[in-house]
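Below you'll find the structure, written out as structure tokens, and then a few comments.
None of the figures in this text is laboratory data; all of them are computed from the coordinates on show. As the structure is a prediction and not an experimental result, all values here were calculated from the model. We place every Cβ from the backbone using ideal geometry, glycine too, and count neighbours over all the protein chains shown.
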Amino acid sequence: MTFENTTNPPARPARIVVVGGVAGGMSCAARARRLDESAEIIVLERGEYVSFANCGLPYYVGGEITDRRALLVQTPQSLKASLNLDVRIHHDVTGINATAHQVTVETPAGVQQIDYDALVLSPGAIAFRPSIEGIDSPRVRTLRTVDDAIALRTGVEAGAKRAVVLGAGFIGLEAAEALAHQGLQTALVELADHVLPPLDSEQASLVTDELRRLGIAVHSGVAATQIVQGPDYDTVVLADGSRIEADLIVLSVGVRPDTAAFEASGIACERGAIITDSHGRTSLDGVWAVGDATISTDPITGARRPVALAGPANRAGRLVADAIVRPGSARPLAKPLGTAIVRAGKLTAAMTGANRASLDAAGIGYDTLHLHPGQHAGYFPGATQIHLSVHVRSSDGLILGAQAVGADGVDKRIDVLATAIRAGMSVTDLIDLDLSYSPPYGQAKDPVNLAGMVGENVLNGTLRLWYASDLDEVAAQALLLDVRSAREYAGGHLAGAINIPHTQLRERLDEVRQAAGGRPVRVICHSGVRSAIAHRILTQSGFDSASLSGGMLTAQATFGDDAASLIIKD
């Protein structure tokens with residue numbers, strides 16, 4: 001749904017009122033001031049803090065940020081001094097009169113009506129509270145505000161020993177790591193099949209392993225059904241019957257747009273999120289909206305959903321200010337890709353664009369490339385692997401999404417791939433990217449370049465892939481050929497696979513032909529490199545061959561906790 005306002009506000013509105021600070025609202029107010037020194041700009045903030053580092057809250061809880069004042073980016077006083085903004089905290093906007101161009105505001109001095117020429121809504125989102133018996137326990141906290149972070153940190157310093165985090169999204173993961181870092185016995189509960197649901201399962205499995213290394217108990221695929229309050233601690237009861245004792249409980253099962261008052265005032269919404277046009281305008285004349293409370297259209301799949309990320313909110317706030325003050329030259333808002341990154345212990349997980357679930361839901365045909373390159377030259381000390389996956393459209397190789405997990409270099413590669421997706425690049429375009437190289441920083445063939453090379457081979461038929469998720473079907477119809485060394489094979493191999501090292505394959509093709517008995521051959525190695533070589537030998541020798549995408553490294557991550565039953569050790 002799109003629309004244009006029937007009338008335009010003045011090119012230079014005399015009074016701009018912004019509802020909500022932090023990312024989108026403050027970005028809009030600051031940009032508007034830089035463009036128009038004469039406008040009266042009022043920022044109405046419901047809480048006490050108008051500009052704080054909400055992404056830094058878990059790190060305050062965990063003790064890495066020691067001074068809570070570091071979380072306060074700006075204050076009403078500093079914003080008045082630097083930008084001449086009239087910032088009013090403890091001002092809760094409860095309604096809009098679009099005809100009169102007024103907002104109704106509950107203030108410490110009582111209810112007020114404030115006029116506006118242009119109104120910008122940036123109310124953000126509020127934590128979703130599921131219908132769980134005992135959810136109102138005083139030991140249950142969210143982690144959305146400075147007060148939330150202070151309360152959790154106070155609980156830790158008061159001697160809390162056990163914590164349960166409900167929800168393993170970005171905030172839940174960061175909260176669990178923070179509490180474990182403070183020495184608490186921590187459990188993480190996630191209703192979805194794996195932690196960080198936006199990640200594909202094989203990448204999320206690596207994160208789960210790292211969380212367990214940190215001592216965090218991970219309960220995935222299970223819901224919390226009850227919180228039993230006690231005098232000294234609470235008990236979280238799970239659907240599988242597990243009972244977890246907790247001194248602190250962090251609720252992080254999702255958010256919803258904080259838009260009830262505005263929807264009641266007549267603003268068009270979709271599933272609670274404000275609908276805007278390409279310049280942030282809402283269905284009410286003279287009213288714009290930005291941030292977590294607005295609906296976005298996914299540029300890859302077309303799905304419509306809010307994107308609760310600080311980067312898109314900040315950028316949208318700036319562009320909305322342009323649309324208000326300079327409507328003739330304002331650029332439209334970009335559709336956010338949802339690029340995100342999170343730390344889990346020694347690992348970093350990052351993603352951009354579409355994942356498999358969203359591509360499947362949209363009915364888009366795609367191939368997934370799995371690679372495990374080093375983040376820098378292997379001969380330079382400290383080399384570690386990046387576990388990289390790239391989704392490309394089967395028809396033309398358009399890059400649809402990418403994910404990576406690793407100890408170092410993940411952020412650089414995902415940011416490059418996010419740029420490539422924004423530019424509409426094909427996977428083959430990645431081959432030609434001129435990326436910086438020096439042994440401490442990368443490789444002459446950067447992981448991004450390698451993804452392009454693998455993708456080109458898949459597109460032109462030089463490489464054919466099969467996936468660990470299809471193991472049952474593949475094992476029933478094909479010969480599994482493991483081309484690793486005999487020692488690697490003995491250390492763990494797929495049931496039914498025969499072993500012929502790739503260096504011996506040319507001389508032993510008759511053995512493969514006899515073992516296959518006319519069946520296809522599906523090749524396996526450690527990371528997908530040797531099996532790709534073997535695949536080329538087999539294909540050119542007349543075999544129906546395919547290479548396991550990402551090799552045993554990806555297979556083990558795909559199988560997760562089931563790997564022990566699927567991988568045999570001699």
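For the charge dipole of segment 120-175, defined by +1 on Lys and Arg C-beta atoms and -1 on Asp and Glu C-beta atoms about the Cα centroid, which residue among Gly159, Val140, Gly124 has the Cα displaced farthest towards the positive pole?
Result: Gly159, furthest along the dipole toward the positive end.
Efficiency by 1/(1 + (r/R0)^6): what FRET value for Lys445 and Glu157, r their Cβ-Cβ distance, R0 = 45 Å, to the nearest 0.05?
0.35
Between Ala70 and Ala377, what length comes free when the chain is fully extended (0.36 nm per residue of separation minus the Cα-Cα distance, one decimal in nm)?
So the extension gain works out to 106.8 nm.
Taking amide H atoms as placed 1.01 Å from N in the peptide plane, list the residues 5 or more away in sequence, or in a different chain, whose amide H sits under 5 Å from that of Gly95.
Amide H neighbours of Gly95, under 5 Å, 5+ apart: Thr104.
Mind putting a number on the dipole of the chain about its Cα centre? Charges go on the C-beta only, +1 for Lys and Arg and -1 for Asp and Glu, and I need it in Debye to the nearest 20.
Here the size comes out at about 840 debye.
For segment 146-183, list residues with backbone N below 16 Å from a point placed 7 Å from the Cα of Phe128 toward its Cβ?
Label zone hits: 166-173.
Can you find, among Val392, Gly409, Ala475, the residue sitting farthest towards the positive end of the charge dipole of the chain, where Lys and Arg contribute +1 and Asp and Glu -1 at Cβ?
Gly409
Cut-off under 14 Å on the C-alpha distance; same-chain residues fewer than 8 positions from Lys335 excluded. Which aspartates and glutamates are left, in chain and number order?
Asp277, Asp292, Asp298
Please list, ordered by chain and number, the residues whose modelled amide H lies under 5 Å from the amide H of Ser547; skip anything fewer than 5 residues away on the same chain.
For Ser547, whose amide H was placed from the backbone, the distant partners under 5 Å are Arg464, Leu465, Trp466, Val523.
Tell me, what ³J(HN,Hα) does each residue in segment 383-394 have, in order and in whole Hz, if you take phi through Karplus 6.51 cos²θ - 1.76 cosθ + 1.60 with θ = phi - 60° and put x for Gly and Pro?
Karplus values, whole Hz, x for Gly and Pro: 5, 9, 8, 9, 8, 10, 10, 10, 9, 10, 5, 4.
Say each of Arg213 and Arg326 gets a label point 7 Å from the Cα, pointing the same way as Cα to Cβ; how far apart are those two points in nm?
4.8 nm
Could you work out the Kirkwood radius for segment 140-253, taking every pair of different alpha carbons, averaging 1/r and inverting it, reported in Å?
14.0 Å
Report for segment 251-402 the percent antiparallel among DSSP-assigned beta bridges with both residues inside it, nearest 5.
Rounded to the nearest five, the antiparallel share is 95 percent.
Given the Cα-Cα distance of Ser278 and Gln514 and 0.36 nm per residue of separation, how much length would full extension add, in nm?
78.7 nm
In segment 346-459, if the dipole is taken from +1 on Lys/Arg beta carbons and -1 on Asp/Glu beta carbons about the Cα centre, which of Thr428, His372, Asn449 is farthest to the positive end?
Most positive-ward Cα: His372.
Pull out the extension gain between Lys335 and Thr104, defined as 0.36 nm times the separation in residues minus the alpha carbon to alpha carbon distance; nm, one decimal. Spell out each step's value before the answer.
On the way: separation 231, 0.36 × 231 = 83.16 nm, distance 3.14 nm.
Between Lys335 and Thr104, full extension yields 80.0 nm more.
Extending each Cα 7 Å along its Cβ direction at Gln226 and Glu48, get the distance between those two points in nm, one decimal.
Reported label-point gap for Gln226 and Glu48 is 3.7 nm.
How large is the convex hull of the C-alpha atoms of segment 346-459 per residue, in Å³?
Cα convex hull per residue, to the nearest whole number: 85 Å³.
Report, for the chain, the % of DSSP beta bridges that are antiparallel, rounded to 5.
Just about 55 percent of them are antiparallel.
Using just the helices of the chain, give the 222 nm mean residue ellipticity in deg cm²/dmol: DSSP H runs with n ≥ 4 each add -39,500 (n - 2.57), and the total is spread over all residues, rounded to 500.
Theoretical 222 nm ellipticity from helices: -8000 deg cm²/dmol.
Calculate how many DSSP beta bridges within segment 465-568 are antiparallel, expressed in % of all such bridges and rounded to the nearest 5.
Within segment 465-568, antiparallel bridges account for around 15 percent of the total.
Taking H as built 1.01 Å from N, whose amide H comes closer than 5 Å to the amide H of Leu121, not counting residues under 5 places away?
Val19, Trp288, Ala289, Val290
Be a star and scan segment 414-456 for residues whose amide nitrogen sits under 15 Å from the point 7 Å along the Cα-to-Cβ vector of Ser394.
Counting backbone N atoms under 15 Å from the label point, the list is empty.
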